[in-house]
Amino acid sequence: MKFFVDTADTAEIKALAATGLLDGVTTNPSLVAKSGRGMADVIAEICRLVPGPVSAEVAATDTEGMLREARLLAAIAPNVTVKVPMTEAGLAACRALSLQGVMTNVTLCFSAGQALLAAKAGASFVSPFVGRLDDIGADGMGLIAEILEIYRNYPALKTEVLVASVRHPGHVITAARLGAHVATVPPGVLRQLFVHPLTEKGLAVFLADWAKGGQSIG
Ligand code: G3P
């Protein structure tokens, strides 16, 4: 499974990219606004830090406006993935961009029907928001299972399921068990995946025993 980080904080991206475990980055208008930087500036820096797909979202709501913004975003770097909303206008833009060979991510997906349409529009990625579904008492991971089942019935569909709105490590583990292609994870949740109390406890014992022995490796 590919790991993307869901942030526009370049210090966080730089630190996580140093692990060699990052396959891409997703941003959205809220995350870019929170960074306090201009879209072109922050996306260009992220694209230099991570060679994989970097999602940058359009702000227009009509197809022509989205396509105009998409051209500007795609010109920033070859690894920009243009994010469009899951609307009629967004899918028309997605279809046009996919025919031009531009990578796309259809965002704000909350149903299997929407995911099927996104795939038919040629999206490179579809982003179902599992956390926001859980927030309203719906079953976010159930939607991922449903979408994967549908996509597997039609091998010609090449859209990857990008699990978004991830809130905790359990979402990531369930996504991996289901065979989702990608999870985009906030930096804090990604760091939680590294940690287990028994790892910390075991390491402390190993290091204490090693120190007592007085040996040195190098
Ligand atoms: O980037 C899209 C998505 O991951 C947003 O997550 O936590 O705002 O629901 P959240």
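Some observations on this one:
- If R0 is taken as 30 Å, the Cβ-Cβ distance between ILE150 and LEU99 corresponds to a FRET efficiency of 0.85.
- Neighbours of ALA145, meaning other residues whose beta-carbon lies under 10 angstrom from its beta-carbon, give a summed charge of -2 when Lys and Arg score +1 and Asp and Glu score -1.
- Ordering MET141, VAL161, GLY113 by the projection of their Cα atoms onto the charge dipole of the stretch 2-213, which places +1 on the Cβ of Lys and Arg and -1 on the Cβ of Asp and Glu, puts VAL161 at the extreme positive end.
- Accessible-area order (highest first, 1.4 angstrom probe) of the listed residues MET141, MET103: MET103, MET141
- Local electrostatic count at LEU193 - Lys and Arg +1, Asp and Glu -1, tallied over other residues with Cβ under 15 Å: 0
- Under-30-angstrom lysine pairs by C-alpha in the chain, whenever the two are 8 or more apart or on separate chains: 15
- Summing charges over neighbours of VAL182, with a neighbour being any other residue whose Cβ is under 10 Å away from its Cβ, gives -1 when K and R count +1 and D and E count -1.
- Carbon-plus-sulfur accessible fraction, the stretch 2-213 (probe radius 1.4 Å, protein heavy atoms only): 60%.
- Over the chain, accessible surface divided per residue gives 50 Å², non-protein components excluded, 1.4 Å probe.
- Two-decimal Rg to Rh for the stretch 2-213 - Kirkwood Rh, Cα set: 1.04
- Options LEU31, PHE125, VAL84, ranked by Cα towards positive dipole end of the chain, top entry (Cβ charges): PHE125
- Placing unit charges on each Cβ (+1 for Lys and Arg, -1 for Asp and Glu) gives the chain a dipole about its Cα centre, and among GLY101, LEU72, GLY170 the Cα reaching farthest toward its positive end belongs to GLY101.
- Taking the Cα centre of the chain as origin and assigning +1 to Lys and Arg Cβ atoms and -1 to Asp and Glu Cβ atoms, the resulting dipole is close to 360 debye.
The values are calculated or read from the model by the stated rules, or taken from the named source; none is laboratory data. Computed from a predicted model, the values in this text were never measured in an experiment. Here Cβ is always computed from backbone atoms with ideal geometry, including for glycine, and neighbour counts include all displayed protein chains. To get the accessible areas, we keep the full protein, side chains included, count just its heavy atoms, and leave off ligands, DNA and RNA. Shrake-Rupley method; radii C 1.70, N 1.55, O 1.52, S 1.80 Å.
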